[in-house]
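The values are calculated or read from the model by the stated rules, or taken from the named source; none is laboratory data. Since the structure is predicted, the reported quantities are computational estimates derived from the model, not experimental observations. Methodologically, a virtual Cβ is constructed for each residue, glycine included, from the backbone with ideal geometry; neighbour enumeration extends over all protein chains shown. Accessible surface is based on the protein model in full, side chains and every heavy atom, while ligands, DNA and RNA are left aside. Shrake-Rupley method; radii C 1.70, N 1.55, O 1.52, S 1.80 Å.
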Amino acid sequence: MDYQSFVNGQIAEIKASVGNHLAINALSGGVDSSVVTALGHKAIGDQLKTVFIENGLMRQGEPERVVKIFADMGIPVRLVDAKKEFLGALKGLTDPEEKRNAITRTFYATVFGKLVRETGAKYLFHGTILTDIEETVAGIKRQHNILAQIGIDPEKEYGYQVLEPLKTLRKDGVREVAKLLILPQEITRRIPFPGPALATRIVGEVTEERIATVRAATAIVEEELGDTGAFQYMAILLSDRATGIVNGKREFGQIIVVRCIHSLDARTATPVELPWEKLKRICERITAIPDVNRCLYDLTPKPPATIEYI
Ligand code: XMP
């Protein structure tokens, strides 16, 4: 595919669709939403309002870092604090699908609906790619950014129209477009991180305290495994507890699982054979997090396991 013609074609199409109206998009810092942001701003400049929704489920320092990367490219991104809304919607939920639904509803109906009304935006740009559509239609994945394909009319339900400029591309194509748009490597080489963010790595209830635990463990895992070249690596907080001895006292503490996998396209995955020394160091650092007294390494391939835990 000639990606330069793709970019030119999409810019022309975006201009024609949006006209004099305003558009809005949510940036997560992932490669898809980053490409949409850069493409949209190239096409319609400040007619596109880009927001970063701080859902309280992001990794350490992530919201500020993403806003800064785009500011350095001359693209203003508004940081919207919606922590209370998301945490409120997740309160008391333990079922994985209910948790995912709560995040989807909060994102589109509560937070986005409000922003669209505030800005008067008529269009919403989405980073949906071809694989998302195929996997959602096949029932493999429950992506939260595929509305039309699962029979939800966003204009009727939420009051805006969705444009998906990347829907004919796969990940490799998106990365090619990212290069043409001169996005920094920190964005183009980022490991996959799911839309529902750290909530996919918390088994059981998502509370502020539990997010803080998995966030601290995630920072350790990303720091220790960043040089492995693995497809994805993560920390998961289980809802079970286990007895441990901390400072000479028995405590019923928390359990963190570490997962590090090789994969080509996330449809299948195999665990990475990490060096023992590396695993021991990760274990030592993770069990130094308050209230965590066990650290496990997940050896399960996909299938039968999925990559995330919810
Ligand atoms: P699973 O857990 O289904 O994950 O084996 C496959 C890949 O998809 C990512 N993932 C998501 N990405 N929204 C996303 O944008 C989601 O809801 C979502 N759930 C899983 C996961 O990180 C892995 O790379």
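Before moving on, here are some points about what is shown:
- Residue list for segment 269-310, filter: surrounded by 15 or more Cβ atoms within 10 Å (Cβ to Cβ) and in contact with a His (Cβ under 9 Å, 6 or more places away or on another chain): Ala269, Pro271, Val272
- Checking each residue in segment 4-21 for being touching a Lys or Arg at 6+ places or on another chain (Cβ under 9 Å) and either under 17 Å from Arg65 (Cα atoms) or open to solvent by 50 Å² or more (accessible area, probe 1.4 Å) (or both) picks out only His21.
- Scan of segment 201-247 for residues that are closer than 15 Å to Thr287 by Cα and either outside any helix (DSSP H, G or I) or not assigned by TED's automatic domain parsing to the domain that holds Leu264 (or both), ordered by number: Ala235, Ile236, Leu237, Leu238, Arg241, Ala242, Thr243, Gly244, Ile245, Val246, Asn247
- Single match in Val67, Val80, Val31, Val51 (criterion: of a type outside the set (Phe, Trp, Tyr), over 21 Å from Ile236 (Cβ atoms) and within 14 Å of the chain's Cα centre (by Cα)): Val31
- Subset tally (residues that are more than 16 Å from the ligand (Cβ to nearest atom) and either more than 18 Å from Ile75 (Cβ to Cβ) or open to solvent by 40 Å² or more (accessible area, probe 1.4 Å) (or both)) for segment 159-213: 21
- Test: Glu222 is surrounded by fewer than 14 Cβ atoms within 10 Å (Cβ to Cβ), modelled with pLDDT of 95 or more and under 28 Å from Leu87 (Cα atoms): no
- None of Ile245, Ile236, Ile256 is touching a helix residue (DSSP H, G or I) at 6+ places or on another chain (Cβ under 7 Å), among the aliphatic types (A, V, I, L, M) and away from the ligand (no atom under 14 Å from the Cβ) except Ile256.
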